[in-house]
1. Go through the stretch 47-69 and give me each residue that's of a type in the set (Val, Ile, Thr) and within 9 Å of Val84 (Cβ to Cβ).
2. Which residues, counting only those in the stretch 86-100, are assigned to a loop (DSSP other than H, G, I, E, B), of a type outside the set (A, V, I, L, M, F, W, C) and either surrounded by fewer than 17 Cβ atoms within 10 Å (Cβ to Cβ) or at pLDDT below 95 (or both)?
3. Does the stretch 39-69 hold any residues that are of a type in the set (Ser, Thr, Tyr) and at pLDDT 95 or above, and which are they?
4. Kindly evaluate Gln66 against the criterion of being surrounded by fewer than 17 Cβ atoms within 10 Å (Cβ to Cβ) and more than 21 Å from the chain's Cα centre (by Cα).
Amino acid sequence: MDKINQSRRAVFRAAVATGCVLCVPAAFAADGTTKSTKPMPGDASSQVKKTPQASAQYQAKPKGEQKCALCTHFVAESNTCKLVEGKISPDGWCTLWAKKA
Ligand code: SF4
């Protein structure tokens, strides 16, 4: 058995022994020949953390002519925002407002 397979086996054993499912992808990447570029469920990179409404100074009324319905981040189908947490009014506004193209 070559050195790379021994190393991979050792990582697998450690993963099983500790019940660490996150170590398994590391075992595949241990020899450098297999590398996953797809985010794993639960990875921080696969989740987008939205900004709390208070932090974005969200308000349920427009600011002048600026309102969520005209913002590039607004998702009309669900009355949500790509950046801000919770339900968003089409007539709302926050400091992250950006004109829809
Ligand atoms: S104005 Fe703010 S809350 Fe409204 S859609 Fe744009 S980013 Fe989201």
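The values are calculated or read from the model by the stated rules, or taken from the named source; none is laboratory data. Everything numeric in this text was worked out from a predicted model, so none of it was measured. So basically every Cβ, Gly included, is an ideal-geometry build from the backbone, and we count neighbours across all protein chains shown.
1. To start, the set of residues in the stretch 47-69 that are of a type in the set (Val, Ile, Thr) comprises 48, 51.
Selection gives Thr51 alone.
2. We begin by selecting, within the stretch 86-100, every residue assigned to a loop (DSSP other than H, G, I, E, B); these are 86-92, 94-98, 100.
Subsequent filtering for residues that are of a type outside the set (A, V, I, L, M, F, W, C) retains 86-87, 89-92, 95, 100.
Gly86, Lys87, Ser89, Pro90, Asp91, Thr95, Lys100 - these are the residues of the stretch 86-100 that are assigned to a loop (DSSP other than H, G, I, E, B), of a type outside the set (A, V, I, L, M, F, W, C) and either surrounded by fewer than 17 Cβ atoms within 10 Å (Cβ to Cβ) or at pLDDT below 95 (or both).
3. Kept after step one, since they are of a type in the set (Ser, Thr, Tyr), are these residues of the stretch 39-69: 45-46, 51, 55, 58.
Selection gives Thr51, Ser55, Tyr58.
4. Details: surrounded by fewer than 17 Cβ atoms within 10 Å (Cβ to Cβ): yes; more than 21 Å from the chain's Cα centre (by Cα): yes.
Yes; evaluated as a whole, the condition is true for this residue.
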